[in-house]
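What follows draws every value from the coordinates through simple rules; no lab data is involved. Just so it is clear, the structure is predicted and the values come from calculations on it, not from any experiment. Cβ sites come from the backbone with ideal geometry, for glycine too, and all protein chains shown count toward neighbours.
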Amino acid sequence: MRTLRPFQEKVLKTLFETDSPHVLAIAPTGSGKGVIAEEAILRTRGHCVVLVPLIALGAQLETRFQEAGISAQFLTSENRTPRAKTVILSPERWESDPQSLAETLAHATLLIVDECHCIEEWGTEFRPAYRKILKRIREQNFKRTLWLSATLPRSAGESIQRELGISFALLGEFAFPPELEWDTRYTAPQLRVQTWMKNCLDSNDNTLLFFNTRSETEKFSDLLVRSGRTATYFHAGISREEKTAILKRFRDGNITHLCATGAFGMGVDLPNLDRTFLTQVPYSPIAFVQSIGRVARFQKRGVARLYWSNEDFRWLALRSAGQPEFLNKLAQMKEFLNLPTRETKREWLSRYFL
């Protein structure tokens, strides 16, 4: 039997041994929320449903759960029929074919919503299935639900509870890992590329670079290769098999620089990652914290840095096509980045997130 940390024990005790069957656990990336999910499944007699935002994360959880002795299956468009006690799926998979899930849902007593901030972050325009999924959850009336995130805004937590008609037992709070050294640097657009390129070429540290578009990940990974670094790109346009192979090559040390879009971040573990560079302003506070949270996991020290300028906001505003929710998140990012010190920025984030 594994030894659990006090926070993990508290979450599980609250979920299974109190009158609060709906638990929201907030903890930094790399703090062991995956272990909480594993233990919750192992302690559940009925079927379990695990909701995930990304293919890479679903595949990773399938492997992790199976290695822990859990009968688990990640449902995809190619693998549609549930056969395991624990099914892992995306909101789109649930929404597109609820009939194939009927028997599993009839016997399911535990729902785990991993990276639950995606309901707020992606549910408005980018992935509408995330907003619709709350209706599915309310109709299903699970006996227990476990909601996991490092970055759930206060307003989103209140909205989810209101829409489901439940009250969360809130455990934990927003925090950066103590091993993480992070900063934000205002850098003129004409100096941006040469600044982060110099940092990449001055060190062999394993580096994850975030870009706002797929084309930029491909363009700049090619630039890094031509400059003598082992690099590749990672975005939603490549296949599941390619993604798995790329992550393995990075973990094995065969790639030292990975250029990715923001969809890469959540839940993906790279134990050998030394630093993360955000080469442009992310479109929201959640995207910022999720991106820098890829580093300094497993009690390993790491560096995260955002290079930004006001030009980023103008470009993102044009790209938003005037969507109010998108523009509101951009305004929040601008307010955050214009604060004078890292301490005032940290305080702002503590107020924004649960």
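Overview of results
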item	result
3J(HN,Hα) from dihedral phi, the range 342-354, Karplus parametrisation 6.51/-1.76/1.60, rounded to Hz, x for glycine, proline	5, 5, 5, 5, 4, 5, 4, 5, 5, 6, 6, 9, 5
Proxy reagent accessibility, fewest Cβ within 10 Å first, across Y307, Y186	Y186, Y307
Under 5 Å, built H, 5+ apart or other chain: amide partners of H22	T145, A169
Placed amide H near V113: partners under 5 Å, 5+ positions off or other chain	L51, L146, W147, L148
Size of charge dipole - the range 6-172 - debye, nearest 20, with Cβ of Lys, Arg +1 and Asp, Glu -1, no other charges	320
Total formal charge among the other residues, if their Cβ is under 12 angstrom from that of R2, Lys/Arg +1 and Asp/Glu -1	-2
Built amide H within the under 5 Å cut-off of F176, gap 5+	none
Extreme residue, positive dipole direction of the chain, given options N338, L201, V289 (C-beta unit charges)	L201
Full-extension gain in nm, A169 to L339, via 0.36 nm per residue minus C-alpha separation	58.0 nm
Per-residue Cβ neighbour rank within 10 angstrom, fewest leading, K143, K243	K143, K243
Rh by Kirkwood over Cα pairs, then Stokes-Einstein D for the range 6-172 at 0.890 mPa s and 25 °C, µm²/s	155
Order by protection proxy (mean Cβ within 10 Å, highest first), peptides 70-82, 274-286	274-286, 70-82
Backbone N under 12 Å from the A106 label point (7 Å along Cα→Cβ), restricted to the range 28-52	none
Extension gain, R162 back to R64 (0.36 nm per residue minus Cα-Cα distance, nm)	32.0 nm
Two-site label geometry, K219 and F16: point separation in nm, points 7 Å out along Cα→Cβ	5.2
Highest to lowest packing among 217-226, 83-92, scored as the average C-beta count within 10 Å	83-92, 217-226
Peptides 246-254, 318-326 ordered by average Cβ neighbours within 10 Å, highest first	246-254, 318-326
